[in-house]
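Remarks on the structure that follows.
The values are calculated or read from the model by the stated rules, or taken from the named source; none is laboratory data. Quantities reported herein were computed from a predicted structural model and do not represent experimental measurements. Glycine also receives a Cβ, built like all others from the backbone with ideal geometry; neighbour counts cover every protein chain displayed. Quick note on the areas: whole protein, heavy atoms, side chains included, nothing else; ligands and nucleic acids left out. Shrake-Rupley method; radii C 1.70, N 1.55, O 1.52, S 1.80 Å.
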Amino acid sequence: QSLVEQLESELRSGEVEIEELRGRLQVRALDQILFDSGSAELEPRGREVLAKVAKQLAKVSDRRVRVEGHTDDVPIATARFPSNWELSVGRAATVARFLAEQGVAAERLEAAGFGEFQPIASNADPAGRARNRRIEIVLAPLAAE
């Protein structure tokens with residue numbers, strides 16, 4: 001609930017979505033507030049939003065925090081990112097590192113990249129591609145020892 005309150009303006013504007021499903025909390029941030037196209041460097045607006053998220057996540061000690069990177073299906077081929085997979089992993093790692101720097105326990109953090117392979121909208125139009133370019137932060141129970 002406090003995370004929802006912290007991100008009220010971002011939720012209203014559609015920059016961030018929060019969903020609870022089967023005991024897992026998922027925070028979805030669309031990439032236009034986080035990164036420039038083809039980049040894994042956080043933008044100032046993204047840092048601002050993620051700092052609010054981190055403040056709340058740092059208080060949670062009984063959950064894993066998995067940062068998932070997703071892209072649209074438009075191919076990328078740069079020296080740093082030969083495919084969307086590398087781009088999605090790079091973005092997830094950047095966000096995970098930022099969350100750790102903001103006080104989220106690093107031993108609870110995971111980073112994963114899914115490239116274009118888990119779309120939530122159609123890649124046939126710009127609006128759908130924009131929804132597919134995202135970072136998802138998933139809170140899940142810690143694995144039983």
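Key figures
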item	result
Matching residues in the stretch 20-59 - criterion: being part of a strand (DSSP E or B), over 13 Å from the mean Cα position of the chain (by Cα) and surrounded by 11 or more Cβ atoms within 10 Å (Cβ to Cβ)	Arg24
Scan of the stretch 80-124 for residues that are under 18 Å from Val27 (Cβ atoms), crowded, with 16+ Cβ neighbours inside 10 Å and of a type in the set (Gly, Ala, Ser), ordered by number	Ser88, Ala92, Ala93, Ala96, Ala100, Ala111, Ala112, Gly113
Lone unmet requirement of (1) under 21 Å from Ala130 (Cβ atoms); (2) open to solvent by 30 Å² or more (accessible area, probe 1.4 Å); (3) in a helix (DSSP H, G or I) for Asp73	(3)
